[in-house]
Amino acid sequence: MSTGSDYKFSEPFKLTSQMYDDYHDNGFLIIRHMFDKDEIDKIEKCVTSEKFMENRYSLEDKDNKIVRVQWKHPGSDITGIASRSEKIVNTCEKLLDGEVYHYHSKLILKDPEVSGAIYWHQDYGYWYHYGNLFPDMMTVWVAVDPSKKENGCLEVLARSNKCGRLDHHVYDGQNQIAEESRLQSIKEKCPHIYAEMERGDVLFLHSNTLHYSSPNRSKMRRLGFLMCYNKATNDPVIKHHHAQYTPLQKVPDSAIKECSNFTDFSGKEFEHPSTNTTMIGRKDLSH
């Protein structure tokens, strides 16, 4: 990748000073094969199960839908173990320069040929309104399926994290989009990167980085598992549907392969717009 924010995972994993600089310079960092085949197979088994998908929702129309499952706390199933693993949490803590906690997680499914776009936005464009005073937050985007141009991979504007928070407005009654005149000017200055990923690749995304994903008009499914983290010192000053500061109980990376819990989702607190009024006014539809 031309920005330099692209690395291969190796054990024991340690975030280097160059990786740190690339993340803060470019607004994102990709670590290839951070979850190996056995690990990503276990995650896929869990998130595609009938019991897990009972918690899904979609706010788009039937011809342009994007399916989501969203939850507040990690829990102890395989997705919770992954989000508490040292290789993920320690990397986030080094990138954010301090203790982090699990803000929320989500599954985003773009089915073949029917899934729409998610417009240009910043995650902090949403999270700012939830009482987070600082952009000391990030998303960890895990490719459960290959994520390519054809099936709507994540697209980012490198270095747009340095532009600060932009105003956002509702674009189509559902999605929000960054202020369009300023967005166009930023596109002229910031390289447009297609963040194509294979299964198990992981993208660490700065909360102010502008990103987008196109409609999936291919015959390939696009499934992403997203873990969002907030710095402990950035506890939201208002209560809303995402988590307030809750100490995160890390687990060793070996716990991912050892985990056999695919069905007990106790403690996760799945979220749904139909039952949570704080999700309705400013829908968190990102990625």
Inset, instruction - Considering each of Ile81, Ile88, Ile43, Ile31 in turn, give the residue that is aliphatic (A, V, I, L, M) and part of a strand (DSSP E or B). - result: Ile31
Legend entry - Pairs with Cβ under 6 Å, 6+ apart, first in region 140-162 and among the acidic types (Asp, Glu), second open to solvent by less than 10 Å² (accessible area, probe 1.4 Å) and at pLDDT 95 or above: Asp145/Arg222; Asp145/Leu223
Legend entry - Of the criteria (1) open to solvent by 60 Å² or more (accessible area, probe 1.4 Å); (2) farther than 20 Å from Ile30 by Cβ, which one Lys94 fails: (2)
Inset, instruction - Keeping to region 69-89, report how many residues are within 17 Å of His33 (Cα to Cα) and either open to solvent by 20 Å² or more (accessible area, probe 1.4 Å) or in contact with an Asp or Glu (Cβ under 6 Å, 6 or more places away or on another chain) (or both). - result: 3
Inset, instruction - Taking only region 20-50 into account, find how many residues are surrounded by 19 or more Cβ atoms within 10 Å (Cβ to Cβ) and out of contact with any His (no Cβ under 8 Å at 6 or more places or on another chain). - result: 13
Legend entry - Every residue from region 242-287 that is among the aliphatic types (A, V, I, L, M), within 18 Å of the chain's Cα centre (by Cα) and at pLDDT below 85: Met279, Leu285
Inset, instruction - Quick one: Ile186 ticks every box in (1) in contact (Cβ under 8 Å) with a residue 60 or more places away in the chain; (2) open to solvent by less than 70 Å² (accessible area, probe 1.4 Å); (3) not charged (D, E, K, R) except a single one, so which number is it? - result: (1)
Legend entry - Residues that are under 27 Å from Arg56 (Cβ atoms), open to solvent by 20 Å² or more (accessible area, probe 1.4 Å) and of a type in the set (Ser, Thr, Tyr), drawn from region 219-272: Thr246, Ser260, Thr263, Ser266
Inset, instruction - Please indicate, with yes or no, whether at least one residue in region 113-134 is among the β-branched types (Val, Ile, Thr), open to solvent by 10 Å² or more (accessible area, probe 1.4 Å) and closer than 13 Å to Lys268 by Cβ. - result: no
Inset, instruction - Would you check if there is a residue in region 201-213 being in a loop (DSSP other than H, G, I, E, B) and open to solvent by 30 Å² or more (accessible area, probe 1.4 Å)? - result: no
Inset, instruction - Examine region 56-68 for a residue that is closer than 21 Å to Glu198 by Cα, open to solvent by less than 50 Å² (accessible area, probe 1.4 Å) and either part of a helix (DSSP H, G or I) or of a type in the set (S, T, N, Q) (or both), and state whether such a residue exists. - result: no
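The values are calculated or read from the model by the stated rules, or taken from the named source; none is laboratory data. As the structure is a computational prediction, the values presented were derived from the model and not from experiment. Reconstructed Cβ throughout: ideal geometry from the backbone, glycine too, with neighbour counts over all protein chains shown. Only protein heavy atoms, including side chains, enter the accessible area calculation; ligands, DNA and RNA are left aside. Shrake-Rupley method; radii C 1.70, N 1.55, O 1.52, S 1.80 Å.
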